[in-house]
1. Arrange the peptides 10-19, 55-64 so that the one whose residues have, on average, the most other Cβ atoms within 10 Å appears first.
2. Got a sec to turn the phi values of region 27-43 into Karplus ³J(HN,Hα) couplings, 6.51 cos²θ - 1.76 cosθ + 1.60 with θ = phi - 60°, whole Hz, x for Gly and Pro?
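Please treat every number below as a calculation from the coordinates, not as lab data. These numbers come from a predicted model, not from an experiment. Please note: Cβ atoms are built from the backbone with ideal geometry, for glycine as well, and neighbour counts cover all protein chains shown.
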Amino acid sequence: MFFEAILDWHFGEIASCQPTMAEAISVAKELNNMQALTQALWHAGWLAHFQRDPAEVERLASLQATTPGSCSVALCPGAWIARKL
């Protein structure tokens, strides 16, 4: 799902990528799939970064940092994105 949101963004459909990404995060939480949740938060952070929305990047980074197992997967990539703004 998050790949669909990324593709939407690349094709200029920014308004439709945000609800798709939110759905990807929601489904990952519902399924209790920490790997999918980490990836969805990571990609959502990049989308917020590209849209120059530092508050959203910080929010997503804090969500990712509190997701069990996410920091061991990719060294808290959301926090890394937040520092890049």
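1. Packing proxy ranking, top to bottom: 55-64, 10-19.
2. Going residue by residue, I get 5, 4, 5, 4, 7, 6, 9, 5, 5, 5, 5, 4, 5, 5, 5, 4, 5 Hz, with x marking Gly and Pro.
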